[in-house]
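Would you mind keeping the following structure in view while I ask a few things?
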Amino acid sequence: MTPLQTQLPTWTAVAPTLLLGLTALVLLLVDSIDPDSTRPGALAGIATLGSLATLAVAGWFLLAGTGQTGSGGAIELYGGSLVVDGLSLFFTVVVASVVAMVSLASYDYLRDRTYQAEFYSLVLLAATGMSLMGSSGSLATVFISLELASLPSYALVAFLKDNRGSVEAGLKYFLVGAVSSAVLTFGISLVYAATGSLLLADVASAVGSAGDLVGIAGVGIVMIAGGFAFKTASVPFHFWAPEAYEGAPAPISAFLSSASKAAGFAVAFRVFAVGFPLDAVVPMGIDWSLLFAILAVVTMTLGNFAAATQENVKRMLAYSSVGHAGYALIGLAALSGGGPNGNVMGASMAHLLVYGFMNTGAFLFIAMVEHWEVGRTFEDYNGLATRAPAACLAMTVFMFSLAGLPPFGGFLSKYALFYEAIQGGFWWLAAVGAINSALSLFYYSRVVKAMWIEDPTGEFDLGATPVGLYAAVMVAAVGTLLLLPAFGPVVETAQSAATALFA
Amino acid sequence: MIIEALIAITFVASMAVLLAPNAWAGRLAATLSLLPVVGSLYMWSRFDATGNALTGGTPAFETTVQWLELGGYTLNWHVGVDGIGLPLVVLTTVLTTLAVVSAWASIDDRQSQFYGLMLFMEANLLGVFTALDFFVWFVFWEAVLLPMYFLIGVWGGPRRKYAAIKFFVYTNIASLAMFIGFIALVFGLGDSVSSLDMPAIAGALRAGELGSLYGIPAATLRTVAFVAMFLGFAVKVPIVPFHTWLPDAHVEAPSPVSVMLAGVLLKMGTYALLRFNFTMLPETATQFAAPIALIAVISVIYGAMLALAQQDLKRIVAYSSVSSMGYVILGLIAYTTYGVGGATFQMIAHGLISGLMFMAVGVIYNTTHTRMVGDMSGMADRMPVTTGILVAGAFGYMGLPLMAGFAGEFFIFKGAFESTVHAAMPLFTAVAMFGIVVVAGYLLFAMQRTLFGAFRLETDYEVGPAPISETAPLAVLLVAIIVLGVAPDLFFGMIQNAVDPLLEFGGELS
């Protein structure tokens, strides 16, 4: 296939990211032209169309082979500070799909609220940052894009400013975020001190010969790992997640727990695979894959057990999101110098894509329930299927898919992940994952049981059907289902993108 | 392509029914479920498979399409039927239609969801009996559980929540054990297989290409995997002592769901045992012949004894299913053409007979609102047709000649008696035969008390003949049972053709 970059100028490779940023600016422009009239349909439409356009372009680039092996390799911009390759495009697809569903759903969720244009604009700005995170080729752009993604997120979590929970969640998220940003920056400065460069490729070649500074480099790497743990809601920086996801408007919980987490993994994958190759750092005694293996085990176990004890469905999903960060961490943990590392990392990427659909769908279902003012606990969901069978069917799909049951996408992506971990020799990691996955069925099936099998405790007064929310939830459900038969190309794309990182 | 069409049509039908209004969902489901019946009968008429699909035979209607590639293993969409799969496919389609029709009179709540789930379950069952790739098979296998969970949990009796959860948890843990056992085998095969294709894996395992895995020697790995898979399937069958979910599930499930559970879902367990344990690891199976035959006999006798102690008609039939499944296991372990072939035939026969029994008990319950033996007597006066069919079905259960049950059990006893897998097989067979006496005892006793004598009912319901939508499926089942009893060769020929390649261990080919 003819590489696209031979036909188009090089800068067009970042077109998906630019489209996201452009949509954010268009939204602000529309709002400043006509600030008084609230036209929620137009705003939600622009945001959804912008993200769909991003999705289309990123998907087209992926299919056309832009920046991938076989058509010229990664495209570097600004001296390597930005890199467009399979990994960055793949995660842009994840982020754009989530943003499309979230904007569609927000149309109903935000009805009769003020500052709608700002809401959509902040979502798209954060998405721009998340897309850039996947493209960051230097520690400086890593930090900038991470902040670009984080700052709008803080505001979005606290968007319901008359709601104590929302404001408290925003504050907690901001404080933990600020601390972890500081840790990350300090880590970057230590790595810079030891290697003399911020460019990942140069860091990689210098880190092996750090000599006496190996200790400084090691501490720096651990601190950078801590910064990413915050973004992906992994142990030990996970404790903001339940608060933020529970207090935030539900579409934002969906956005943060799916897209933001995926972006965190995107940048972590690139920084650790490219910047600190295991071949170079393990001989010096810095085995970060072991660190991630421990974090993965602790994160998935802690997330699962905490989720099992919740009475509030949204909070249960928040802890389940922590648990899923643990599964995705396997992509960084089951690596070894010279092993088939791209396969397990690719499987982790594919899991994050599937997770983007099923988890977004689940949180959007919560948004729908909040819209109906049904209540928050498992008991409040009792008998909901008698009134809203279609939506409850979709939620059932999400729950069983998150638990990893066939015939849904989550089954195959978890299977692929554990399977590749075993292939890499980390059978114990896969075993812990499989056991956790089996235990998770307990709390996911509680939701299903409440909706379908328990008798309603009272009358539901659901009111009019929220069209946008319904559509978004259905899109997510269909995506979750279709990702089972269509998993082949997804995982192949992801694995070849990840393999290119290790080349 | 016909298998794909069959499964796809059933899926689409289930979606259509799910969206239909409650008022005519039952009619629509019954009409649409005729399509797979016609399809499976067409497959039967054009059936041209030879040998066993897993051991080098040629399955009929085979297709292989690559699905995805993962870590050096190819996952294919690979389906086809041989002489073992086709009878089960026909059983599934026919029994689903009959169960759907018999549900018209009793399901009066959320009908579109009920019938949609029934058809969704049928589609997945068809997948289980036709898949020839482990992964495809496993997806269908697990997907059968979901509709069953809802069917018991939403439309079941007073303790439905407990029964549904128990069913779900038991069978899911069993699936996990089986899955891990099988995947360990695949890893142990190393480079000699490059896909999860069941024929390829069966071939490699039978050729003795299993190597060590993570320092576990091949012999240990083989034994551990066999046990893990056996336990996984034993829950599904169920074999004593893993049977405790079954009576709960049956008693709480609505009758049409019990029909599917006893008629088809239990056969998934024996089918999988035959396909995996007994086809892929025959040496280990024969090595364990004595313990397996022993638990088969225990299932037969203990299940029958438990049935003897019950007052609830549905529990009686449920426990006697445990007993009948024991015969199937006994036939499978015999490794003779009549043993394995008879076991496969018994799967079909028991599917029809237990379907009939559960359906008939359901008809009586719908009229009397009780299933307790002591609560009623003389039902024959008020419901002559139902009673007549129930009596005939019970005689089928007891093994009356010229009915399907007789053929199945006779084949199994003949095969097990001749078996040479273990010196004590004739002894086991002789003990198992006593099960028949117990079955005859409790069925005759229960029928005598409920059906005959003067009419008496300890509730206030008006009792009259059952509607035609309930008696017609019963009549169809009875006809099928008699036809298969008179002419077992309708299925037994193709079954024998498919099981003979498995018999290099144990008794001689005859």
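Every number in this text was worked out from the coordinates using simple rules, so none of it is lab data. Because the structure is a prediction, the values reported are computed rather than measured. Neighbour counts run over all protein chains shown; Cβ positions are idealised from the backbone, glycine included.
I'd like the trypsin sites (Lys or Arg not before Pro) in the range B:293-397 restricted to DSSP loop residues with at most 11 other Cβ atoms within 10 Å, sorted by number.
Nothing satisfies the criteria.
Taking the alpha carbon gyration tensor of the range A:4-502, what are the square roots of 5 times its eigenvalues, largest first, to the nearest whole Å?
34, 26, 21
Between the helical axis of B:404-418 and the dominant principal axis of chain B, each derived from Cα atoms, what acute angle in degrees is found, rounded to the nearest 10?
For B:404-418 against chain B, the angle is about 40 degrees.
Follow-up question, since we're still on this one. What shape does the range A:70-155 have by the C-alpha gyration tensor, where a ≥ b ≥ c are the square roots of the eigenvalues, rounded means a/c under 1.5, and otherwise prolate means a/b greater than b/c and oblate the rest?
Here the range A:70-155 falls in the oblate category.
Same structure, new question: Hey, what do the phi angles of the range B:349-365 turn into as Karplus ³J(HN,Hα) couplings, whole Hz, using 6.51/-1.76/1.60 and θ = phi - 60°, x for Gly and Pro?
Taking θ as phi minus 60°, the curve returns 4, 5, x, 6, 6, 5, x, 4, 4, 5, 5, 5, 4, x, 4, 5, 5 Hz for the range B:349-365.
How big is the shadow of the Cα convex hull of the range A:313-465, averaged over all directions, in nm²?
With the hull built on Cα positions only, its mean projection is 8.6 nm².
Can you work out ³J(HN,Hα) from phi for every residue in the range B:220-230, in order, using Karplus 6.51 cos²θ - 1.76 cosθ + 1.60 and θ = phi - 60°, giving whole Hz and x for Gly and Pro?
Here the 3J(HN,Hα) series is 5, 4, 4, 5, 4, 5, 4, 5, 4, 5, 4 Hz.
Just flag the chymotrypsin sites (Phe, Trp or Tyr not before Pro) in the range A:1-104 sitting in loop per DSSP whose Cβ has no more than 14 other Cβ atoms within 10 Å.
Sites meeting the loop and neighbour criteria: A:Tyr78.
Between B:Leu427 and B:Arg449, with labels modelled 7 Å along Cα→Cβ, what's the label distance in nm to one decimal, could you check?
Reported label-point gap for B:Leu427 and B:Arg449 is 3.6 nm.
Express the relative contact order of chain B as a whole percentage, based on alpha carbon pairs under 8 Å and six or more residues apart in sequence.
Relative contact order of chain B: 16 percent.
Just counting partner chain Cβ atoms within 10 Å, what average do the residues of peptide A:482-488 show around their Cβ?
3
On to the next question. Label A:Leu49 and B:Met372 with points 7 Å out from Cα along Cα→Cβ: what is the distance between them in nm?
7.0 nm
Any idea what the dipole of chain B comes to, in debye rounded to 20, about its Cα centre with Lys/Arg Cβ at +1 and Asp/Glu Cβ at -1?
Dipole size: approximately 920 debye.
What is the sum of charges, Lys and Arg at +1 and Asp and Glu at -1, for the other residues whose Cβ falls under 13 Å from the Cβ of B:Ala272?
With Lys, Arg at +1 and Asp, Glu at -1, the net is +2.
How do A:281-287, A:254-260, B:299-305 rank on mean C-beta neighbours within 10 Å, highest first?
Averaged packing, sorted descending, gives the order A:254-260, B:299-305, A:281-287.
Near B:Ser258, within a Cβ-to-Cβ distance under 13 Å, what is the net charge of the other residues, with Lys and Arg +1 and Asp and Glu -1?
Surrounding charge for B:Ser258 is +1.
Can you list residues from other chains, or at least 5 along the same chain, whose modelled amide H is less than 5 Å from the amide H of B:Leu68?
B:Leu75
Could I ask something else about it? Can you compute the FRET efficiency between A:Asp36 and A:Ser189 using 1/(1 + (r/R0)^6), with r the Cβ-Cβ distance and R0 = 51 Å? Round to the nearest 0.05.
It comes out at approximately 0.60.
A further question on this structure: Apply 1/(1 + (r/R0)^6) to the Cβ-Cβ distance of B:Ile173 and B:Thr223, taking R0 = 30 Å, and write down the FRET efficiency to the nearest 0.05.
0.90
Using Cα pairs closer than 8 Å and at least 6 residues apart in sequence, work out the relative contact order for chain A, in percent.
The normalised contact order for chain A reaches 16 percent.
List the chymotrypsin sites (Phe, Trp or Tyr not before Pro) in the range A:369-466 that DSSP assigns to loop (not H, G, I, E or B) and whose Cβ has at most 14 other Cβ atoms within 10 Å. Which are they?
Listed in order of number, the matching sites amount to none.
Rounded to the nearest 0.05, what FRET efficiency is calculated for A:Glu492 and B:Val486 with R0 set to 45 Å and r the Cβ-Cβ distance?
Taking R0 as 45 Å, the efficiency between A:Glu492 and B:Val486 is 0.25.
Which of the three applies to the range A:385-485, rounded, prolate or oblate, going by the alpha-carbon gyration tensor with a ≥ b ≥ c and a/c under 1.5 meaning rounded?
Since a/c reaches 1.5 but b/c is at least a/b, the shape of the range A:385-485 is classed as oblate.
Can you list residues from other chains, or at least 5 along the same chain, whose modelled amide H is less than 5 Å from the amide H of A:Ser136?
Those lying under 5 Å, H to H, from A:Ser136 are A:Val83.
Set the bar at 25 Å for Cα to Cα. Now go through A:Lys161/A:Lys231; A:Lys414/A:Lys449; A:Lys172/A:Lys231; A:Lys261/B:Lys161; A:Lys172/A:Lys449; B:Lys267/B:Lys314 and name every pair that lies beyond it.
A:Lys261/B:Lys161; A:Lys172/A:Lys449
On to the next question. If you average the alpha carbon positions of the range B:104-126 and of the range A:470-498, how far apart do those two centres end up, in angstrom?
Using only Cα atoms to place each centre, the spacing works out to 28 Å.
What's the Kirkwood radius of the protein assembly as shown in Å, using all Cα pairs?
Kirkwood radius, the protein assembly as shown: 30.1 Å.
Each residue of the range B:184-201 in turn: what ³J(HN,Hα) in whole Hz from Karplus with 6.51, -1.76, 1.60 and θ = phi - 60°, glycine and Pro shown as x?
4, 4, 4, 5, x, 6, x, 7, 6, 10, 10, 8, 9, 5, 5, x, 5, 5
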